[in-house]
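J.: For reference, the structure I am asking about is given below.
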Amino acid sequence: MKKLMLLLIAVATGITTTSCNNDSTAKNYPYTVRMTDAPGPYEKVNIDLQAVEVKGSTGQTVTLNTTAGIYDLLELSNGVNRLIATSTLFDAKVSQIRLILGPNNTVVVGGITYPLSTPSAEQSGLKLLVNQTLEADIQNEIMIDFDANVSVIETGNGTYKLKPVLRTVVTAISGNIIGSITPIGMFATVSATSSAGVVYSSNVNNLGFFQISGIPPGTYTFTVTPLLPLLPATRTEVIVSAGVSTNVGVIAL
């Protein structure tokens with residue numbers, strides 16, 4: 001009888017252990033990373049993307065399924081974006097995203113292709129600190145805004161350096177400002193300034209269109225700044241809502 005009782009206890013313990021090891025409450029967090037850019041005064045800005053990694057709340061690094069290759073950032077402007085990585089995570093927190101770049105980064109100026117030196121990116125990657133909480137069993141997404149306009153630095157003697165300026169945009173909790181200018185074909189910057197003085201900016205493309213993406217909901221002062229001798233044009237009380245593109249229409253300069 002004692003042996004039978006010990007056997008039953010052992011079986012019950014085994015069942016309990018198996019149940020704990022196969023926790024049916026474990027959650028999945030589908031995750032995608034997209035990339036976009038603000039237009040800049042170059043013909044092409046090519047980056048050699050090799051891998052995308054994320055770090056969770058425990059500090060563990062996960063390499064996502066990355067679509068590696070050469071990306072021309074200037075093709076990803078005014079609302080255009082590209083899916084660069086996807087995976088299913090098992091941590092509800094993302095604390096850091098890292099882009100690993102290869103050596104084949106270039107900029108095209110005046111029809112001439114110049115190499116872009118990126119020593120820090122090749123060694124340790126481009127790191128972005130985020131504080132994103134994911135939802136289980138739905139598609140979670142984040143967008144990386146890679147500002148080529150200020151990320152490429154001319155160092156002299158026909159040499160250029162990539163000093164990336166990036167920010168992350170959680171599309172579900174931010175909005176956009178879109179519109180156009182007339183006459184078209186001129187270079188101009190656009191900016192949205194919050195009441196706290198935080199500025200979000202982009203450039204007008206060669207067709208006169210612009211989009212400032214990833215703006216937190218709120219009320220902004222919107223400004224178009226063309227090259228002199230033209231003067232800036234400003235609109236106040238521009239309201240931005242989450243998940244919505246606010247169209248300010250055609251701005252005549």
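The values are calculated or read from the model by the stated rules, or taken from the named source; none is laboratory data. Every value quoted in this text rests on a predicted model; they were computed, and no experiment measured them. Don't worry about glycine lacking a Cβ; one is built from the backbone with ideal geometry, like all the others, and counts go over all protein chains shown. Accessible surface areas use protein heavy atoms only, side chains included; no ligands, DNA or RNA. Shrake-Rupley method; radii C 1.70, N 1.55, O 1.52, S 1.80 Å.
J.: In the range 91-154, how does Rg compare with the Kirkwood Rh, expressed as the Rg/Rh ratio over alpha carbon atoms? It would help to have the intermediate numbers written out before the result.
T.: Details: Rg = 15.8 Å, Rh = 14.4 Å.
Over the Cα atoms of the range 91-154, Rg/Rh equals 1.10.
J.: Ok, one more. Only bridges whose two residues both fall in the chain count here: according to DSSP, what percent of them are antiparallel, nearest 5?
T.: Values: 66 of 82 bridges.
Among the beta bridges of the chain, antiparallel pairing accounts for roughly 80 percent.
J.: Carbon-plus-sulfur fraction of the accessible area of the range 185-253, 1.4 Å probe, in percent? Write down the numbers at each step before the final one.
T.: On the way: 2170 of 3600 Å².
Carbon plus sulfur share of accessible area: 60 percent.
J.: Kindly express, to the nearest 10 degrees and within the range 0 to 90, the angle between helix 2-21's C-alpha long axis and the longest C-alpha principal axis of the chain.
T.: Relative to the chain, helix 2-21 is tipped by roughly 0 degrees.
J.: Return the ratio Rg/(2.2 N^0.38 Å) for the range 115-253, where Rg is computed over Cα atoms only. Don't jump to the answer; show the numbers that get you there.
T.: Values: Rg = 17.3 Å, N = 139, 2.2 N^0.38 = 14.3 Å.
In units of the globular-protein estimate, the range 115-253 measures up at 1.20.
J.: Also, quick follow-up: State in Å² the accessible area per residue of the chain; use a 1.4 Å probe, count heavy atoms of protein chains only, and round to the nearest integer.
T.: Working: 13460 Å² over 253 residues.
Value for the chain: 53 Å² per residue.
J.: What stretch of the chain, leaving out the sites themselves, is the longest with no chymotrypsin sites (Phe, Trp or Tyr not before Pro) in a DSSP loop having at most 16 other Cβ atoms within 10 Å? Walk me through the numbers before you get to the answer.
T.: On the way: sites that count: 90, 187.
Counting only loop sites that pass the neighbour cut-off, the longest clear stretch is 91-186.
J.: Counting only pairs 8 or more places apart or on different chains, how many lysine pairs in the chain have C-alpha atoms closer than 21 Å?
T.: Total qualifying Lys-Lys pairs in the chain comes to 9.
J.: Also: Report D for the range 64-130 in µm² per second (integer): Stokes-Einstein, Kirkwood Rh on Cα pairs, 37 °C, 0.692 mPa s.
T.: Translational D for this selection: 230 µm²/s.
J.: Binning every alpha carbon pair distance of the chain at 10 Å from zero, what are the percents per bin?
T.: 7, 25, 28, 20, 8, 4, 4, 2, 1, 0, 0
J.: Charges only on Cβ, +1 for Lys and Arg, -1 for Asp and Glu: so what's the dipole of the chain about the Cα centre, in debye to the nearest 20? Intermediate values should be presented prior to the final figure.
T.: Details: 14 positive and 16 negative charges, 140 e Å.
Charge dipole of the chain: 680 debye, to the nearest 20.
J.: Also, I was wondering about something else. Just want the answer: with Cβ charges of +1 for Lys and Arg and -1 for Asp and Glu, which residue in 243, 65, 228 is farthest toward the dipole's positive end in the chain?
T.: 65
J.: If you build the convex hull over the alpha carbons only and average its shadow over all orientations, what do you get for the range 182-253? Give it in nm² to one decimal. Mind dumping the intermediate values first?
T.: On the way: hull surface 18.2 nm².
In nm², the orientation-averaged hull projection of the range 182-253 is 4.6.
J.: Counting only protein heavy atoms, what percent of the accessible surface of the range 33-164 is carbon or sulfur at a 1.4 Å probe?
T.: Working: 2940 of 6260 Å².
About 47 percent, which is the carbon plus sulfur part of the accessible surface.
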